[in-house]
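A.B. asks: Pasting a structure below so you can have a look.
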DNA sequence: GACATTAGGCAGAGAATCGAATCAAGATAG
DNA sequence: CTATCTTGATTCGATTCTCTGCCTAATGTC
């Protein structure tokens with residue numbers, strides 16, 4: 001850990017910062033029963049619903065782990081499981097009311113944090129950072 | 001998870017990619033008894049030795065968790081605990097032989113991966129990315 | 001229809017994480 | 001100097017997370 005940090009490590013720091021901020025705001029807003037691991041899964045549910053396998057891929061955990069997380073999130077009222085009309089084997093994880101409300105809080109915090117970052121780096125630089133990370137994603141994201 | 005990904009999420013993807021590559025190479029080289037969590041702590045030990053509290057801060061875990069990780073790493077021969085000459089309360093976590101050898105493998109993989117990334121982004125862009133992330137670190141790293 | 005594949009779940013074990021309390025060694029104030 | 005406060009590390013106990021392996025059901029293929 002001597003010398004300048006590599007890009008992976010720098011990304012760790014930045015990512016954790018965002019995660020911690022969002023989780024703190026969620027807890028402050030009364031959503032204090034969602035853990036980091038659950039939050040990572042919850043954050044990857046999209047509006048039309050997401051298959052469990054896709055959640056697992058996005059959150060970089062096994063299907064079993066995702067099942068476990070969704071179990072908890074479902075019991076806590078954040079999501080529901082509904083049948084996937086396009087495939088009888090699959091089920092879609094969709095937001096429940098509490099999940100939508102929490103998502104709203106998370107979105108707001110993300111915006112605030114991005115705003116802070118933009119103030120620090122400048123608009124142009126922030127846009128450039130986003131672009132570079134997106135390009136890096138092309139070769140680092142195993143799932144599209 | 002609809003729409004464009006925020007910088008935090010992009011960082012998650014990049015960071016995990018690096019971590020997975022390093023861990024895979026470590027396992028392939030015979031260091032298959034170190035887990036991701038242990039690796040995160042091990043990667044933050046520096047040459048002159050590092051205090052447990054500092055390891056905990058850098059890896060973003062509690063001191064208890066760091067103690068647990070170092071216990072395992074010590075038992076597996078990656079590190080040793082030695083007294084801190086500057087403070088009798090503290091102990092320094094230093095590399096043992098196996099840890100040094102593993103570090104060498106990890107360093108090599110990091111270099112290879114950074115090389116791949118540089119090939120994809122270009123030299124200038126990669127340097128810019130590193131600079132931007134470093135500047136972002138100024139306000140996202142709670143520990144200096 | 002037989003066979004492989006894919007989606008999801010169950011069970012069990014092991015790993016990781018934390019909160020609370022403990023202990024020892026500095027640091028500080030009077 | 002001793003009483004108190006702070007700091008570094010650890011232990012204990014409980015909870016959460018994560019994986020390997022196996023299983024069922026639905027789909028797709030030949």
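The values are calculated or read from the model by the stated rules, or taken from the named source; none is laboratory data. Predicted model only: the values in this text are computed from it and were never measured. Counting neighbours? That spans all protein chains shown, and the Cβs are built from the backbone with ideal geometry, glycine included.
A.B. asks: Consider residue B:26 carefully, then state whether it is surrounded by 17 or more Cβ atoms within 10 Å (Cβ to Cβ) and away from DNA strand C (no atom under 16 Å from the Cβ).
C.D. replies: Against the criterion (surrounded by 17 or more Cβ atoms within 10 Å (Cβ to Cβ) and away from DNA strand C (no atom under 16 Å from the Cβ)), residue B:26 does not qualify.
A.B. asks: Test residue B:41 against the criterion of being touching a helix residue (DSSP H, G or I) at 6+ places or on another chain (Cβ under 8 Å), touching a residue at least 24 places away in the same chain (Cβ under 8 Å), under 20 Å from residue B:102 (Cβ atoms) and assigned to a loop (DSSP other than H, G, I, E, B), and give yes or no.
C.D. replies: no
A.B. asks: Just give me the residues in the range B:52-61 being more than 16 Å from residue B:36 (Cβ to Cβ) and within 13 Å of DNA strand C (Cβ to nearest atom), in sequence order.
C.D. replies: B:52, B:53, B:56, B:57
A.B. asks: Which of the following residues is crowded, with 17+ Cβ neighbours inside 10 Å, within 12 Å of another protein chain (Cβ to nearest Cβ) and modelled with pLDDT of 95 or more: A:136, A:73, A:92, A:52?
C.D. replies: None of the other options fit; the residue is A:136.
Condition check ((1) at negative phi; (2) touching a residue at least 40 places away in the same chain (Cβ under 8 Å); (3) in contact with a strand residue (DSSP E or B) (Cβ under 7 Å, 6 or more places away or on another chain); (4) within 16 Å of DNA strand C (Cβ to nearest atom)) across all residues:
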{"position": "B:50", "(1), (2), (3), (4)": "yes, yes, yes, no"}
{"position": "B:63", "(1), (2), (3), (4)": "yes, no, no, yes"}
{"position": "B:68", "(1), (2), (3), (4)": "yes, no, no, yes"}
{"position": "B:73", "(1), (2), (3), (4)": "yes, no, yes, yes"}
{"position": "B:79", "(1), (2), (3), (4)": "yes, no, yes, yes"}
{"position": "B:87", "(1), (2), (3), (4)": "yes, no, no, yes"}
{"position": "B:94", "(1), (2), (3), (4)": "yes, yes, yes, no"}
{"position": "B:100", "(1), (2), (3), (4)": "yes, no, no, no"}
{"position": "B:114", "(1), (2), (3), (4)": "yes, no, no, no"}
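A.B. asks: Would you confirm, using the coordinates I've provided, whether residue B:3 is surrounded by fewer than 17 Cβ atoms within 10 Å (Cβ to Cβ) and under 19 Å from residue A:136 (Cα atoms)?
C.D. replies: yes
A.B. asks: Quick one: residue A:61 ticks every box in (1) surrounded by fewer than 19 Cβ atoms within 10 Å (Cβ to Cβ); (2) at the interface with another protein chain (Cβ under 9 Å from one of its Cβ atoms); (3) within 14 Å of the chain's Cα centre (by Cα) except a single one, so which number is it?
C.D. replies: In the conditions (1) surrounded by fewer than 19 Cβ atoms within 10 Å (Cβ to Cβ); (2) at the interface with another protein chain (Cβ under 9 Å from one of its Cβ atoms); (3) within 14 Å of the chain's Cα centre (by Cα), residue A:61 misses (2) alone.
A.B. asks: Among residues belonging to the range B:102-133 that are under 15 Å from the mean Cα position of the chain (by Cα) and away from chain A (no Cβ under 12 Å), point out the one that is surrounded by the fewest Cβ atoms within 10 Å (Cβ to Cβ).
C.D. replies: B:104
A.B. asks: Could you please let me know if residue A:18 is under 30 Å from residue B:112 (Cα atoms), within 14 Å of the chain's Cα centre (by Cα) and crowded, with 17+ Cβ neighbours inside 10 Å?
C.D. replies: Yes.
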